[in-house]
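To start, the structure itself, in structure tokens.
The values are calculated or read from the model by the stated rules, or taken from the named source; none is laboratory data. It should be emphasised that the depicted structure is a prediction, and the values quoted were computed from it without experimental measurement. Glycine gets a Cβ as well: all are built from the backbone with ideal geometry, and neighbour counts include every protein chain shown.
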């Protein structure tokens, strides 16, 4: 690994460039040059192949601008924050946990603001720019705020994740999947977070690309039909216990991880397996990957459990590139409550059951006069309560003498408004709110790790050794010399290969040695050379980047040779 050399070549050859460069740039943004954009697209297409083709999930595309109501319900308006502090002298701002980590080399992300304040004070941590004293820490919301429409009275935000667009479409997707669980929905696209002080290139961006899958399943059945195929596969796990006790990571099979309660479900550990498989297919080796479980203090507000897939880097240490979370029913419950829409699934029983239950009935003599125009909405609200919610209302009325119903406004339900009745009835099924397992991939960070771990430094020779499946350019074609019929034949081969669907770099400038060097440097797996013999015998030299072996192939057999190489 060599971040600096890799970054230099990436910039020189058109993988990654600073954004808005002629205007002195803005931190937290990166442009993808031709090779970077091609590599990124190949990574996303591999992701689609895994989740849409192999796993059978369905892809949707939702808006990147969301109304405030959506993100208020999801918890982002109130909870999507980072701890921020400011230099009291020069005004420079910092993410508090990051400046602490930089100064004392300790991970403090799970700590509360008061604890971070004390660490800053105890260690006399100062402003990196001027040495000034840092302010008290406050919570800074990371979302980009905007206005929807010309009147400016509709508040919106740039989406902080792609997931919420999927949850909003739950009812339609349930219908699309014929009302049956489990099912998976994916979305790839831009997300936005107004990072406090991004200083890590594509590792921390304000505009970035996510690829997320939301797997909706019965909370009483988190088994996976393919689990038997991976139950003996080993995983290197950095569990909560390992982190708290500061012990070595554990190597266990998938079955052992479940039996010992380290990972909560078959579906979740199967997603860990798919994540690692995907990264290895991109060329990131298993030995630089680990699975780290979130500590209780750093768990997202929506998560029952969460594991990060982290990649080792020489500059940034272990970097989270994928998060795999059990979001429970948090999102669907929150959106159901805020929108007054039923976001549940009816699950029929194998046999009908006789169950005792308490029902709630409006006392219409008191109901209408009290709630007036809200009466239909309140009645609809009461009609759709489950047993737990009815019991909650009953307890509140008994203990507090009232219950607050939040619809368009807060309404006070009193004991005189309703009657409770214990009944026994035959039930043929039940409505459940699905749980969600979410693998969330940070495409930009993954691309960085592909660049880093595909980079080869052999002293005099530095180049990218991309796997052929993701190489931004698959084939180089060049004439040995720019004379006689060689350029014409080279161009014809280039056109034929492009028509076959291959990405081809056609290069007529420089010596053959320089052409090979440039082709290798940007990671092109195969190079085809048209030389003097080609004119006579209609054959070309095909050179393999990795082995540097050269095969002499007839032009008539070239397509078959190329197809075999890329499909083997």
Exercise for review: Filter segment 21-30 for residues that are loosely packed, with under 14 Cβ neighbours inside 10 Å and closer than 27 Å to residue 523 by Cα and give the result.
Suggested key: 21
**Study point:** Checking residue 102 against (1) part of a helix (DSSP H, G or I); (2) closer than 30 Å to residue 74 by Cα; (3) under 27 Å from the mean Cα position of the chain (by Cα), the condition it does not meet
**Key:** (2)
Point to revise | Flag for residue 361 being at pLDDT 95 or above, surrounded by fewer than 16 Cβ atoms within 10 Å (Cβ to Cβ) and either assigned by TED's automatic domain parsing to the domain that holds residue 213 or touching a strand residue (DSSP E or B) at 6+ places or on another chain (Cβ under 7 Å) (or both) | key: no
Point to revise | Segments classed as strands (runs of 3 or more DSSP E), wholly inside segment 244-333, with at least 1 members that are surrounded by 15 or more Cβ atoms within 10 Å (Cβ to Cβ), touching a residue at least 12 places away in the same chain (Cβ under 8 Å) and within 16 Å of the chain's Cα centre (by Cα) | key: 289-293, 305-313, 317-328
Practice item. Pull up segment 441-475, narrow it to residues that are in contact with a helix residue (DSSP H, G or I) (Cβ under 7 Å, 6 or more places away or on another chain) and assigned to a strand (DSSP E or B), then point me to the one that is nearest to residue 285 (Cα to Cα). Key: 455
Check your understanding: Taking segment 407-420 as the region of interest, how many residues are surrounded by 10 or more Cβ atoms within 10 Å (Cβ to Cβ) and in a strand (DSSP E or B)?
Key -> 6
Revision key, fill the gap. Note: among 180, 136, just one is within 26 Å of the chain's Cα centre (by Cα), assigned to a loop (DSSP other than H, G, I, E, B) and farther than 13 Å from residue 62 by Cβ, namely 180
**Study point:** Every residue from segment 146-186 that is under 30 Å from residue 317 (Cβ atoms) and in contact with a helix residue (DSSP H, G or I) (Cβ under 6 Å, 6 or more places away or on another chain)
**Key:** 160, 186
Revision key, fill the gap. Scanning segment 60-80 residue by residue, the ones that are surrounded by 15 or more Cβ atoms within 10 Å (Cβ to Cβ) and part of a strand (DSSP E or B) total 1
Practice item. Write out, first by first residue and then by second, each pair whose Cβ atoms fall under 6 Å of each other, whose residues are 6+ apart or on separate chains, and whose first residue, in segment 118-132, is part of a helix (DSSP H, G or I) while the second is buried (at least 16 other Cβ atoms within 10 Å of the Cβ). Key: 119/100; 120/134
Practice item. Restrict the check to segment 92-110 and report whether at least one residue is touching a helix residue (DSSP H, G or I) at 6+ places or on another chain (Cβ under 6 Å), loosely packed, with under 15 Cβ neighbours inside 10 Å and under 30 Å from residue 332 (Cβ atoms). Key: yes
Exercise for review: Considering every residue within segment 435-446, establish whether at least one is more than 30 Å from residue 193 (Cβ to Cβ) and in contact (Cβ under 8 Å) with a residue 24 or more places away in the chain.
Suggested key: no
Check your understanding: Which is part of a strand (DSSP E or B), out of contact with any helix residue (DSSP H, G or I) (no Cβ under 9 Å at 6 or more places or on another chain) and at pLDDT 90 or above, of 404, 437, 347?
Key -> 347
Check your understanding: If we scan segment 189-207, do we find a residue that is part of a strand (DSSP E or B), in the same structural domain as residue 295 (by TED's automatic domain parsing), crowded, with 21+ Cβ neighbours inside 10 Å and in contact with a helix residue (DSSP H, G or I) (Cβ under 8 Å, 6 or more places away or on another chain)?
Key -> no
Revision key, fill the gap. Picking from 489, 522, 493, the residue that is under 24 Å from residue 8 (Cβ atoms) and surrounded by 15 or more Cβ atoms within 10 Å (Cβ to Cβ) would be 522
